[in-house]
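The values are calculated or read from the model by the stated rules, or taken from the named source; none is laboratory data. Not measured: the values here are computed from a predicted model. Here the Cβ positions follow ideal geometry from the backbone for every residue, glycine too, while neighbour counts run over all protein chains shown. Areas reflect the complete protein model, heavy atoms only, side chains present, ligands, DNA and RNA absent. Shrake-Rupley method; radii C 1.70, N 1.55, O 1.52, S 1.80 Å.
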Amino acid sequence: MKKERNQDLGTTRKIKYIVIHETDNKANGAGANNHAKYLSENNDRGASWHYTVDEKEIYHHIPDNEIAYHAGTEKGNLYGIGIELCVNEDGDFEKTFDNASKLVAYLLKEYKLSIKDMKTHNDFSGKDCPHNILKNNKMKEFTKKVENYLKQNN
């Protein structure tokens, strides 16, 4: 896992949720590395998140115990770890999906959270995110993968 330090340093907090997002950036080359560059070099929106996942790698942008601005609500931002799944057309979304489920299982275990503490961006703000996962009814599949990885790691 590559670590990348973002300029957006937040306040430390208690972690209560893992929040799933999709980048919604389908451009070729819009993998984890390019999203890490965006956060560190071109981020003029003030958005931030903790991890970006693609089929090859996971970038960790800011410490888990620091606030990021990703969920669209104070509750989601204050208590959630934001994970962005890359959806670039030249990537392998199924592998990204699997890598993200492993990361979520690790984080749930690390912070002694339950599967019920895994949320989507939509759960906090109503935004259609993670778009592809919701549109294709894959949240149950994602949850099952996370549960399987949790069982493997116990």
- Is there a residue in segment 47-59 that is touching a Phe, Trp or Tyr at 6+ places or on another chain (Cβ under 6 Å) and at pLDDT below 95? yes
- Task: State all residues of segment 111-122 that are within 23 Å of Pro63 (Cβ to Cβ) and under 15 Å from the mean Cα position of the chain (by Cα); if no residue qualifies, say none.
- Result: Asp117, Met118, Lys119, Thr120, His121
- Message: For segment 123-138, give me each residue that is under 18 Å from Cys86 (Cβ atoms) and open to solvent by less than 80 Å² (accessible area, probe 1.4 Å).
- Response: Cys129, Pro130, His131, Asn132, Ile133, Leu134, Lys138
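Of all residues in segment 111-122, how many are of a type outside the set (Lys, Arg) and surrounded by fewer than 16 Cβ atoms within 10 Å (Cβ to Cβ)?
2
I'm checking my understanding of the structure. Among residues of segment 91-110 that are of a type in the set (Gly, Ala, Ser), open to solvent by less than 10 Å² (accessible area, probe 1.4 Å) and under 16 Å from Glu22 (Cα atoms), which one is farthest from the chain's Cα centre (by Cα)?
Ser101
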